[in-house]
Amino acid sequence: MSDRVILHCDLNNFYASAECVSHDEWKGVPLAVCGDPSLRHGVVLAKNEIAKKAGIKTGDVIWQAKRKAPDLVVVPPHFELYMTYSKQMFELYNDFTDMVEPFGADECWLDVTGSQRLFGNGETIANKIRERVKRESGLTCSVGVSFNKVFAKLGSDLKKPDATTVVTRKNFKEKLWGLKASEMLMVGRKTFDKLQKLNITTIGDLARADGKMLKNNFGVNGLMLKRYASGEDNEPVREAVKAREIKSIGHGMTAVRDIENVSDARDLIFCLSEKVAARMRKQGVRGSLVSVGMRDSALFSIVRQRHLPMPTYSSDEIAECALKVFCDNWNGDPMRTVTVAVSKLETVDTPVQISFLDDNVRNEKLERLDDTLDMLNKKYGNIVRRASLLGKDFLYDKTDAEDFLPFQR
């Protein structure tokens, strides 16, 4: 049985490149897409190749970036523009295969195993895609070609911009095993720090590490990382029409000013819970596990959870539970960012165990209230808002489009 042929396509410097392609006057100058300083998002979200060569990095504060490139052009994000380009590119990819799995707005995997008779081998298809991307959009794309998803993604990261990298069973140790383990999918900063303490620095170290030791330190995820590093990733590329199963629904916000008292925390949590609950109703699900993420001004983060008495999509039920979690775990330090999420989801038509207490009646009334508010807001344009949230100077209306920001993926 022959190997699969998997491509990972990554649009280079996507947001900044889209701005430059859309504005002739910005071609040939350093440019950075930055958040709004007044909303505490005044950092570099994306930069073009010229800015990158000047040393500007994602996450730099705007004044730091301008020190590196005094003539830096700073523009706010235009998510509708990026989504237009993203949709165009995904339609292009579908000309080569129907096995296309998005990974954010600017990346995706393609399984072209069955497309080779029409378009050539994996490297040929990758080059055809890069040529079409450049010709039809003005953007550039780096493509990794390999026999699994993890190595295809590593391949696309190896050479940028506008390049094709082929990783095979014969050369993957030579090409990939010398890379830092942090380059690999699923290895974040905390995991990498823990790996380093175990003298595991490179992908090769991870592949050669003792499986039992990895499982003791990371659980089943440790064994998964070892398989990934060894080239044993067998996860299929999902068809474009098949979405991933939703495991949780959440919403976070970095407040305009720090949260320093319970009253402000309550308002922020109710604001977030309303957004989460609205998404749940839109997806037709209820949930029974509420998680609260808290990050203070020193960027120290914790996440804590609590079960609800019964599954719900009521914003009040979710908010009250989330507020209890927050109060039980808040040490009084000013909070910069708070996130509310609900998991253990089930469809709204799933039978619910009836309680002898008043939980069922209260939950049903609150859900009916939210359903009615949804109907009114949809019909008349968001006319109903929680009175306690009006005029709050630390809240801002974060749109769903912000979920595409690169550092949130």
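Between a first residue in the range 128-147 that is closer than 17 Å to GLN116 by Cβ and a second residue that is among the acidic types (Asp, Glu) and assigned to a strand (DSSP E or B), which pairs have beta carbons less than 8 Å apart while being 6 or more apart in sequence or on different chains?
Filtered contacts from the range 128-147: VAL143/ASP10; GLY144/ASP10.
Among what's in the range 310-362 and is out of contact with any Gly (no Cβ under 9 Å at 6 or more places or on another chain), in a strand (DSSP E or B) and farther than 21 Å from LYS247 by Cβ, pick the residue that is modelled with the lowest pLDDT. Let's see the steps before the verdict.
Within the range 310-362, the first condition is being out of contact with any Gly (no Cβ under 9 Å at 6 or more places or on another chain), and the residues that meet it are 310, 314-317, 319-336, 350-362.
Now drop any that are not in a strand (DSSP E or B), which leaves 310, 335-336.
Keeping just the survivors that are farther than 21 Å from LYS247 by Cβ gives 335-336.
On the way: MET335: 86, ARG336: 83.
If we take residues in the range 310-362 being out of contact with any Gly (no Cβ under 9 Å at 6 or more places or on another chain), in a strand (DSSP E or B) and farther than 21 Å from LYS247 by Cβ, then ARG336 is modelled with the lowest pLDDT.
I'm trying to understand the selection: among the residues of the range 62-96, which are among the hydroxyl-bearing types (Ser, Thr, Tyr) and surrounded by fewer than 19 Cβ atoms within 10 Å (Cβ to Cβ)?
We begin by selecting, within the range 62-96, every residue among the hydroxyl-bearing types (Ser, Thr, Tyr); these are 82, 84-86, 93.
Matches in the range 62-96: THR84 only.
How many residues are under 18 Å from the mean Cα position of the chain (by Cα) and among the aliphatic types (A, V, I, L, M) if we restrict to the range 155-192?
Number of matching residues: 4.
Can you tell me which condition LYS57 does not meet? The list is (1) out of contact with any Cys (no Cβ under 6 Å at 6 or more places or on another chain); (2) farther than 22 Å from ALA163 by Cβ, and all the others hold.
(2)
On the basis of being without any contact (Cβ under 8 Å) to a residue 60 or more places away in the chain, surrounded by 15 or more Cβ atoms within 10 Å (Cβ to Cβ) and under 18 Å from HIS8 (Cα atoms), does LEU158 make the cut?
For LEU158, the condition - without any contact (Cβ under 8 Å) to a residue 60 or more places away in the chain, surrounded by 15 or more Cβ atoms within 10 Å (Cβ to Cβ) and under 18 Å from HIS8 (Cα atoms) - is met.
Filter the range 253-272 down to residues that are crowded, with 18+ Cβ neighbours inside 10 Å, of a type outside the set (D, E, K, R) and touching a helix residue (DSSP H, G or I) at 6+ places or on another chain (Cβ under 7 Å), then give me how many there are.
The number of residues fulfilling the criteria is 7.
Report every pair of residues separated by at least 6 positions or lying on different chains whose Cβ atoms are under 7 Å apart, first residue within the range 47-64 and among the hydroxyl-bearing types (Ser, Thr, Tyr), second exposed (fewer than 13 other Cβ atoms within 10 Å of the Cβ) and assigned to a helix (DSSP H, G or I).
THR58/PHE407
Confirm whether ASN216 is among the polar types (S, T, N, Q) and in a helix (DSSP H, G or I).
On the way: among the polar types (S, T, N, Q): yes; in a helix (DSSP H, G or I): yes.
Yes; evaluated as a whole, the condition is true for this residue.
(1) under 30 Å from TRP330 (Cα atoms); (2) out of contact with any Ser or Thr (no Cβ under 7 Å at 6 or more places or on another chain); (3) open to solvent by 80 Å² or more (accessible area, probe 1.4 Å): which one isn't true of LYS247, the others all being true?
For LYS247, the failing item is (2).
Assess whether ARG135 counts as being at pLDDT 95 or above, open to solvent by 60 Å² or more (accessible area, probe 1.4 Å) and under 30 Å from ALA54 (Cα atoms). Break it down stepwise before answering.
Working: at pLDDT 95 or above: yes; open to solvent by 60 Å² or more (accessible area, probe 1.4 Å): yes; under 30 Å from ALA54 (Cα atoms): yes.
Yes: the conditions hold for ARG135.
Going through the range 165-184 one residue at a time, which ones are open to solvent by 30 Å² or more (accessible area, probe 1.4 Å) and in a strand (DSSP E or B)?
If the condition is that a residue be open to solvent by 30 Å² or more (accessible area, probe 1.4 Å) and in a strand (DSSP E or B), then VAL166, LYS180 are the ones that fit.
Sort out which residues of the range 201-230 are open to solvent by 90 Å² or more (accessible area, probe 1.4 Å) and either touching a Leu at 6+ places or on another chain (Cβ under 7 Å) or within 18 Å of LYS180 (Cβ to Cβ) (or both), and write them in order of number.
Matches in the range 201-230: ARG208, LYS215.
Do the conditions hold for GLU123, that is, is it in a helix (DSSP H, G or I), of a type in the set (Asp, Glu) and either over 23 Å from the mean Cα position of the chain (by Cα) or closer than 15 Å to VAL33 by Cβ (or both)?
Numbers: in a helix (DSSP H, G or I): yes; of a type in the set (Asp, Glu): yes; either over 23 Å from the mean Cα position of the chain (by Cα) or closer than 15 Å to VAL33 by Cβ (or both): yes.
Judged against the criteria, GLU123 is a match.
Of (1) touching a strand residue (DSSP E or B) at 6+ places or on another chain (Cβ under 6 Å); (2) among the polar types (S, T, N, Q); (3) over 20 Å from SER142 (Cβ atoms), THR58 satisfies all except one. Which?
If we test THR58 against (1) touching a strand residue (DSSP E or B) at 6+ places or on another chain (Cβ under 6 Å); (2) among the polar types (S, T, N, Q); (3) over 20 Å from SER142 (Cβ atoms), just (3) comes out false.
The values are calculated or read from the model by the stated rules, or taken from the named source; none is laboratory data. Note that the structure is a prediction, hence the values are computed from the model and not measured. Every residue, glycine among them, receives a Cβ derived from its backbone with ideal geometry; neighbour counts consider all protein chains shown. The area values use the complete protein model at the heavy-atom level, side chains included, leaving out ligands, DNA and RNA. Shrake-Rupley method; radii C 1.70, N 1.55, O 1.52, S 1.80 Å.
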